Structure formats: structure tokens, C-alpha cells
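Have a look at the structure below, then the notes.
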Amino acid sequence: MVSPNNHYTTKSEGVTINFITPEGDKKTIIANKGESIMDISHTHDDIELECACEGSLACSTCHVIVDPEYYKKLEEPTDEENDMLDLAFGLTETSRLGCQIVMEKDLDGITVTLPSATRNVQLKGSKLS
Amino acid sequence: MYQRLPEWLKTKVPVGANYARIKSDLRGLNLHTVCEEARCPNIGDCWGGGEHKTATATIMLMGNECTRGCRFCSVKTSRTPKPLDSNEPEKVAVAISKWGLDYVVLTSVDRDDIPDGGSEHFAKTIRLLKKKAPHILVECLTGDFRGDLDCVARVANSGLDVYAHNIETVESLTPYVRDHRATFRQSLKVLEHVKKIKPSLITKSSIMLGVGETDQEVMDAMKELRKIEVECVTLGQYMRPTKRHMKVYEYVTPEKFEYWKKVGDDLGFLYTASGPLVRSSYKAGEFFISSVLRKRQQELGVGSGIAEVRE
């Protein structure tokens, strides 16, 4: 499913990213190079990713789980990122903070899973989407 | 499925002369408010003032960048906020004394980047304000200074009247809701220490409801506050400030908030302010002054008439 918020002219400028939501739905977005996963979630209403500290490495709410194949392609996390990542709930070996992953050509086709680990995901009384 | 905001949480858009005046006073002095930075729904009400009440705002000291990233708060986060403005204490004292208030609340961002957490800056602001306008009752809402009780003491000894520090939520949810540097027990220690070193100070705390807590947990939290002799407690509905913040778990009904008010009264708090839109400093002066008056009337055995608050 292509997001309606694309704002580039040719496909070659965009990079594809797949999100797996906590409910298990897959959403495919064509993002711009240079956008972080945090940026992408802000411009796409159907991607719910908290970023309480807005990318300043003071929290772990934008925690995502990267597919192993692409995890290897990412640059090593800084000490600051690691410190915050250590606090993330449901931490895995391929976890990263979404605000630190910047989309580039070599990440085309990456899949990230949004963990359901933070405690209160669903509004009480609402339907599961 | 998106659940609409319940009717009881809808508020009016801030407009009017008072609102504009406060805004221009603040901007002119480069001061910030938690009202704006944290997107308080009551801003129109408080800043608007009205026929029978003076417009008020809760100034947020030490800039508008906080070193922490709590999931419920939209104040900007930065690892390296701008340096403190050494003129801020003076500017705040000037601004507030102009507003003609009887009661004011000051708060601040967390400044874990500063060795004393900004406690001297905070204390100086209170001292200057009290010097310029000794008749104003001052309430301060502080952070936890990372549990450094010397910093807490510095603020507690500065001449303020009410010392507030928020536990924010119940013990079990604290690690999920607040920044990792904050803990439930650390916050209790702050409040306990204030009472210990300055028993005459009124202490106060606040709880957000609707983040997934159980009734028993709320009851326990309120009892913990009573155990350390906290006198005032406020309970309000968590409202998601932006899409980047945690979802609301539940919209607690006004009736349920009434129930918690009764619980607070029964537990022996001097005052319990409880309602969906209640916030730590919302009508703080009115609640405080009226409850102190009520207490005095009881002590004097007076049924009606206003007793003098100021000594």
C-alpha cells in the first residue's frame, strides 16, 4: 500500500520501507532519502511511532526492530543511542532507535517492526484496528 | 478506531485582551510558560482571567528545553539546552509583580546538564519575587533534581509557600510513563525531605489518570503521599499532547474524578482537586486559599465570614 503523502517526482529518488505494526499489519511506504524513521512516522498518519524526546536521545520510545539483513547495513549506534536502547522494552539483537536510522539507497526495501512492548497500546473500549 | 475526545474535555480557544497582554509581557521578557510548551487545555481559562479573577500564567523557568523525555510531555527535549539566562530571576519578579496576582505558580524544565540542577537559579527567582511582592503567595513545582536533596533544600528554603513535585502516575507505571531518570520512590523522597527540613511548608503532588493504572494503584499512591504528609493532591486526565506522545488508555469520567476527590478528602488531604481538566497549578490559588480559610473557620468555630489569610 503506497502512502498518499509522497512528495517526490521520480521513483528513483524514493526508498521503500516496510513497517510491521504491533497488530501485525504490513505497511509499505516510499520515503525520501535523508528522512529518519521518526520523520517518516510523522508524515504518515498510519505509522504510529512515539518519539517523546523528538530525536534527542533522551528516551527509547521510537524503538524499532530491524530485519537482520538490513540491520547489518546500518552504521554502529553511538554510545548515547546504546544507553537509551538499553532501556527499551522488548529489546532484541536487531533493535535500534527509529530517530537514528536515516533512509539511504542501501536501505531500500528495509523492514522494521514496531514493538508492542510499551504497556498501554490500545485505547480502552476502542476496536483493534 | 479513533475515539473522539469526550465532551467534558473540550475547551475554548484562548482569545481576548488579557490573553494578548500576558502573551506580549512574556515574549517581551523572553519568558516561557508551561501552559504553552506543554499545551495545557486550560490556557484560555487561566490567561483569560475574567470578571472575578485575575489572569494568571505558570511561568516555566530555565528555558523551554528539558533534558528529559517523558512520554506524556510535549516540552522540547534536548541533551544540551541553552545556558541559563542570569537575568531571568529579575525579569520573572518584574513580570509577576505587574500582573496584580495574589497567588502564583512557578515551574521549570529539568536541567540535568547543570550541576545543581538549576536549584540556585530557581531559589533566587523566588527570593527576588518575594522581595518585590511580599504579599504574593508563591507555589513552586520542581523536578526531582536527580534525588539531590541539597538542591531540594535550596529551593525549599527560598521563602516559597507551597512546594509541589509531581509523582505523575502510580508506582508500577512510572518506568513506562516518566523519563528513565525519574522514579516513584525518588519523587516521594523529594516531598518527604521538604517536609522534614521545613515543616511549615505546604507540600503538594499530582497524578495523571488514564494511562493504564488500576484503582488500587491510585489508592496506594495517594496513601504513600499521605504517609509522607503531603497536604495537597491534584488528579487530572492525561491528554495526549501530540501524535508523538503516548496514547490515552482511558478517558476517566467526571463521576470517577468526583470519587477520587472524596477519597482524597477521606484520606485527610488539606485539599484534593480532582477533575478531568484539573492540573497541578489550575486554580491552585483558589483551591489553596479556600481550603486554608475553611480550615481556619473550623478551628475558630466560625460558620461564615472570611477569616484573614495573611498574617
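The values are calculated or read from the model by the stated rules, or taken from the named source; none is laboratory data. Small disclaimer: the values here were computed from a predicted structure and weren't measured. Here Cβ is always computed from backbone atoms with ideal geometry, including for glycine, and neighbour counts include all displayed protein chains.
When residues in region A:15-24 are screened for being within 14 Å of another protein chain (Cβ to nearest Cβ) and either charged (D, E, K, R) or surrounded by 19 or more Cβ atoms within 10 Å (Cβ to Cβ) (or both), 1 of them pass. With respect to the conditions (1) in contact (Cβ under 8 Å) with a residue 40 or more places away in the chain; (2) in contact with a helix residue (DSSP H, G or I) (Cβ under 6 Å, 6 or more places away or on another chain); (3) of a type outside the set (A, V, I, L, M), B:Gly48 lacks only one, and its number is (1).
When B:Glu258 is tested against (1) out of contact with any Gly (no Cβ under 9 Å at 6 or more places or on another chain); (2) more than 17 Å from B:Val170 (Cα to Cα); (3) of a type outside the set (Lys, Arg), exactly one condition is not met: (1). Identification of strands (runs of 3 or more DSSP E) wholly contained in region B:42-146 with 1 or more residues that are of a type in the set (Ser, Thr, Tyr) and away from every other protein chain (no Cβ under 14 Å) yields B:103-108.
For region B:49-106, the candidate set comprises residues that are in contact with a Phe, Trp or Tyr (Cβ under 8 Å, 6 or more places away or on another chain) and among the β-branched types (Val, Ile, Thr); within that set, the residue that is surrounded by the fewest Cβ atoms within 10 Å (Cβ to Cβ) is B:Thr54. Do the conditions hold for B:Leu209, that is, is it under 15 Å from B:Ala273 (Cα atoms) and touching a Leu at 6+ places or on another chain (Cβ under 9 Å)? Criteria met by B:Leu209.
Based on what the data block shows, is B:Leu225 over 17 Å from B:Ala38 (Cβ atoms) and more than 14 Å from every other protein chain (Cβ to nearest Cβ)? Against the criterion (over 17 Å from B:Ala38 (Cβ atoms) and more than 14 Å from every other protein chain (Cβ to nearest Cβ)), B:Leu225 qualifies. Against the numbered list (1) farther than 13 Å from B:Ile228 by Cα; (2) touching a residue at least 12 places away in the same chain (Cβ under 8 Å), B:Gln186 comes up short only at (1). Just one of (1) within 14 Å of chain A (Cβ to nearest Cβ); (2) of a type in the set (Asp, Glu); (3) within 21 Å of the chain's Cα centre (by Cα) fails for B:Glu250. It is (3). Quick one: would you say B:Leu26 is outside any loop (DSSP other than H, G, I, E, B) and within 30 Å of B:Ala182 (Cα to Cα)? Answer is yes for this residue. Of the residues making up region B:175-200, those that are within 14 Å of chain A (Cβ to nearest Cβ), in contact with a strand residue (DSSP E or B) (Cβ under 7 Å, 6 or more places away or on another chain) and not charged (D, E, K, R) number 1.
Every test in (1) assigned to a strand (DSSP E or B); (2) modelled with pLDDT under 95 is passed by B:Ala273 save one, and that test is (2). Across region A:14-25, the number of residues qualifying as touching a residue at least 60 places away in the same chain (Cβ under 8 Å) and either in a strand (DSSP E or B) or hydroxyl-bearing (Ser, Thr, Tyr) (or both) comes to 7.
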